[in-house]
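Take a look at the structure set out below.
The values are calculated or read from the model by the stated rules, or taken from the named source; none is laboratory data. Since this is a predicted model, take the numbers as computed values, not measurements. Glycine gets a Cβ as well: all are built from the backbone with ideal geometry, and neighbour counts include every protein chain shown.
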Amino acid sequence: MMTFQHRHASHCESGVMAALVTHAGLPLSEPMAFGLASALSFAYIPLVKVGGFPLVAYRALPHAITKGLRGALSLRMAVETFRSVGQGAARLDALVAQGQLVALQTSAFWLPYFPEDLRFHFNVHNLIVFGREGDDFLISDPVFEETVRCPKADLTKARFAKGLMAPKGRIYYTQSAVQAPHWEKIIPAAIRKTCRTMLAPVFFAGVKGIRSLARAIEKLDAEQAPRFLGHMVRMQEEIGTGGGGFRFIYAAFLQEAAQLLQLPILETKADELVTIGDEWREIALAAAMMIRGRQPMEPKRIATLLRAQADREEAFFRSLRALV
Amino acid sequence: MDDAEVPQEDNVIFKGLRKAVYARGVDGKVRPVPSTGWQVEEIVTRQALDLLATQAEEARQRALRGEASPLEFHMCCARMDLALLSQCTGIWQWRVRRHFRPEVFAKLSDQVLGRYSEATGVPVEKLRNVEP
């Protein structure tokens, strides 16, 4: 059995990538994996529906962390998908038998160790297989505190679920040891990219995306409002976000960056971002109270809060961009 | 959010699971802290689950009245919608919708039922009635 250190993470993809890279020789925290991949974002895409609602995301698209880190750290990584279930299952068996640490894309719905009520058809849940005992795979699922087990049949079903962003048995693993990068080069580049996304001149992304979302919420009638707001809050606060729509995890990244770059001003920016994250949680709380009927349902009030939040984030990312 | 403010509100949906959220410690460092849950998250997850349960119950009633086939009920129980069931089975949406009609559903071959069974995780014999 290999020596593998499981770590509890807030988000599956950054947790998996941090663990893979750490195992390959470069100690990497989850916030550093998240920040280096420029994974902080905002998107509101009315045309793409998730469970019948427009896509609202507080982070980059799935796979962006994997791709972002591959570039930033010049990782040698293999990514494989499979047409046939049999081949995909056999390939995982073989790699695990060789002692390879393998990351998988799965559907959370078919993972038996998930609590029943958290099993939704979410096809981009990432986890790591670090061993096998009989018919069970030993799994490091970053959003769980401890390691878990999963029978082969269930894991295969989860790997070959169909639907939006179907995993197609996707597996990925590092192929060589990871060398320490030039932090002073890649961290500022990653921060600049995040600022660019957040300040992008398009209606569906960054602070403009937040304003578009505010406009959409303002127009909701009394019947649509509770479900729409519930959807927004789920994307922001449900398990996998680290709270405050990923703003807290990015603040942790800025603190690490301040150390590595000897740039104490980034510590101040981290504190500002924690405050911004707190404001996101205030919005979530206000929306939840309206959904529960403990406060009158006023979509306009949420829209106003969102606009203030957009202004705050715009100022924040403009000043952050000027620093790096 | 500071360490002390991390909600520990026992989200029953977690079934004892704790999730990692990032919060600022007394030393000023932001790091992961295990949380038993926040009422806000529980409210919105519960809202989504209740909606699915309502849809399933409506489908069950329709099936019991003979207005729909049990397939619609099992689709709801598997937390799927028409688009997803269609994608998972490779059966076109208009055909799936036809299979929601009891008289059409009654004549389905075991092969087609097998595809529905595979997608929903419900054994074929159970697909034919609405016992959960």
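Details
- For the range B:11-23, the candidate set comprises residues that are in contact with a Ser or Thr (Cβ under 9 Å, 6 or more places away or on another chain) and more than 7 Å from every other protein chain (Cβ to nearest Cβ); within that set, the residue that is surrounded by the fewest Cβ atoms within 10 Å (Cβ to Cβ) is B:Gly16.
- In the range A:311-324, of all residues being hydrophobic (A, V, I, L, M, F, W, C) and out of contact with any Leu (no Cβ under 9 Å at 6 or more places or on another chain), the one that is surrounded by the fewest Cβ atoms within 10 Å (Cβ to Cβ) corresponds to A:Ala322.
- Answer from A:Gln224, A:Gln179, A:Gln175 - the residue that is surrounded by fewer than 21 Cβ atoms within 10 Å (Cβ to Cβ), in contact with a strand residue (DSSP E or B) (Cβ under 7 Å, 6 or more places away or on another chain) and either farther than 20 Å from A:Arg321 by Cα or not polar (S, T, N, Q) (or both): A:Gln175
- Of all positions in the range A:18-26, none carries a residue that is without any contact (Cβ under 8 Å) to a residue 12 or more places away in the chain, farther than 30 Å from A:Arg281 by Cα and more than 18 Å from the chain's Cα centre (by Cα).
- Qualifying helices (runs of 4 or more DSSP H) (wholly inside the range B:54-116; at least 1 residues being within 12 Å of chain A (Cβ to nearest Cβ)): B:70-77, B:82-89
- Check on A:Ile291, facing chain B (nearest Cβ under 7 Å) and over 19 Å from B:Val33 (Cβ atoms): yes
- Among residues of the range A:81-123 being over 25 Å from A:Thr22 (Cα atoms), hydrophobic (A, V, I, L, M, F, W, C) and in a helix (DSSP H, G or I), the one that is farthest from the other protein chains (Cβ to nearest Cβ) is A:Ala90.
- Filter pass, A:Arg192 being of a type in the set (D, E, K, R) and under 30 Å from B:Thr89 (Cβ atoms): no
- Some residue of the range A:310-317 being at the interface with chain B (Cβ under 9 Å from one of its Cβ atoms), in a helix (DSSP H, G or I) and of a type outside the set (Lys, Arg): no
- Among residues of the range B:24-40 that are within 22 Å of A:Ala257 (Cβ to Cβ) and at the interface with chain A (Cβ under 8 Å from one of its Cβ atoms), those with a beta-carbon under 8 Å from a residue that is part of a loop (DSSP other than H, G, I, E, B) and of a type in the set (A, V, I, L, M, F, W, C) at least six positions away or on a different chain give the pairs B:Arg24/B:Met1; B:Pro32/A:Ala9.
- Test: residue in the range A:137-145 that is surrounded by fewer than 19 Cβ atoms within 10 Å (Cβ to Cβ) and closer than 22 Å to A:Ser38 by Cα: no
- The listed residue being more than 9 Å from every other protein chain (Cβ to nearest Cβ) and β-branched (Val, Ile, Thr), out of A:Val274, A:Val233, A:Val324: A:Val324
- Considering (1) under 30 Å from A:Val85 (Cα atoms); (2) within 14 Å of another protein chain (Cβ to nearest Cβ), the lone condition that A:Glu223 does not fulfil carries the number (1).
- Looking across the range B:117-132 at every residue that is assigned to a loop (DSSP other than H, G, I, E, B) and within 14 Å of chain A (Cβ to nearest Cβ), the one that is surrounded by the fewest Cβ atoms within 10 Å (Cβ to Cβ) is identified as B:Pro132.
- Where A:Thr147 falls short, out of the listed (1) in contact with a His (Cβ under 6 Å, 6 or more places away or on another chain); (2) modelled with pLDDT under 95: (2)
- Residues in the range A:215-261 that are among the polar types (S, T, N, Q) and over 17 Å from A:Ala33 (Cβ atoms): A:Gln224, A:Gln236.
- Number of positions in the range A:18-46 that are more than 14 Å from chain B (Cβ to nearest Cβ), farther than 24 Å from A:Met198 by Cα and outside any loop (DSSP other than H, G, I, E, B): 4
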